[in-house]
Amino acid sequence: MLISKPIAEAIRTGAVTTQYRRWDEPRVKVGSTQLTSSGLVRFTRVARVNDLSTLTDRAARAAGMKDADSLRKALAPKQNRKPSERGGKGGDTVFRINLEWAGEDPRLALRDGIPTAEELDNIAARLSRLDNRATGAWTRDILEWIADNPRVVSKELAALRGVELLPMKVDIRKLKALGLTISHDVGYELSPRGAAYLQSLPTR
């Protein structure tokens, strides 16, 4: 479920407590969490909305919208929308999703910690699995480039490596999930955890 940065921050502050989506069937489970730009969000309830005319201005504001008319317009079927990978043009059913902020991004604490020798071994093992693909190893290459080029726009790295930008960003997110990198509005930098791992490589 895509949650924009402004909405994620509003969920964090409690200003937004619901979201609405047009799906064929629910795509989130009650009790599950999702990582957003402002931390973890927990889904507390999912319900069908059978009649959009019942939506009120108060309900719209709880979803981060100006008023009920704006919300209904956003939820109107998109006739010219291309089917998504998950099927359908957004779906035939509107769902209301109640949600709440569930805590900080767990990667924040992870990335600031200096790994122990055992943790370095675990990081190396996980990166080895990521490197095990037909196009060859890539994790050290990217980590070293980020170390040498902090906060440099990522398209420069993609051009240098001769790869497509979006798949490369997916790769970098995998490194971020391990607490090794930090994303900025422009570019990336190594976290203390990532820097410690990279420094350990010559002696490994």
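Just a few scattered comments:
- Region 101-140, residues that are touching a strand residue (DSSP E or B) at 6+ places or on another chain (Cβ under 9 Å) and either open to solvent by 50 Å² or more (accessible area, probe 1.4 Å) or not small (G, A, S) (or both): W101, E104, D105, P106, R107, L108, R111
- When region 176-191 is filtered for residues that are within 18 Å of N132 (Cβ to Cβ) and at pLDDT below 95, the ones remaining, listed by number, are A177, L178.
- Residue within region 186-194 that is closer than 15 Å to R140 by Cα, surrounded by 15 or more Cβ atoms within 10 Å (Cβ to Cβ), touching a strand residue (DSSP E or B) at 6+ places or on another chain (Cβ under 8 Å) and touching a residue at least 60 places away in the same chain (Cβ under 8 Å) present: yes
- For the residues E189, E156, E118, E100, the requirement of being under 30 Å from R45 (Cβ atoms) and of a type outside the set (V, I, T) singles out E100.
Here is a yes/no grid of residues against (1) assigned to a strand (DSSP E or B); (2) open to solvent by 60 Å² or more (accessible area, probe 1.4 Å); (3) touching a residue at least 12 places away in the same chain (Cβ under 8 Å); (4) of a type in the set (D, E, K, R):
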residue	(1), (2), (3), (4)
A15	no, yes, yes, no
Y20	yes, no, yes, no
E25	no, yes, yes, yes
K29	no, yes, yes, yes
L35	yes, yes, yes, no
V41	yes, no, yes, no
R45	yes, yes, yes, yes
A60	no, no, no, no
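- Residues of region 168-190 satisfying the condition of being of a type in the set (A, V, I, L, M, F, W, C), assigned to a loop (DSSP other than H, G, I, E, B) and under 17 Å from I114 (Cβ atoms): L178, L180
- Taken over region 17-34, the residue count meeting the criterion of being over 22 Å from P106 (Cβ atoms) and over 18 Å from the mean Cα position of the chain (by Cα) is 8.
- Condition broken by L157, with the remaining ones in (1) at pLDDT 95 or above; (2) farther than 30 Å from R61 by Cβ; (3) open to solvent by less than 30 Å² (accessible area, probe 1.4 Å) satisfied: (1)
- If you go through region 47-57 and keep only what is under 28 Å from the mean Cα position of the chain (by Cα) and open to solvent by 70 Å² or more (accessible area, probe 1.4 Å), you end up with just R48.
The values are calculated or read from the model by the stated rules, or taken from the named source; none is laboratory data. Since the model is a prediction, treat every value here as computed from it, not as a measurement. A quick note on method: Cβ atoms are made from the backbone with ideal geometry, for glycine too, and the neighbour counts reach across all protein chains shown. These accessible areas exclude ligands, DNA and RNA; they are computed on the full protein's heavy atoms, side chains included. Shrake-Rupley method; radii C 1.70, N 1.55, O 1.52, S 1.80 Å.
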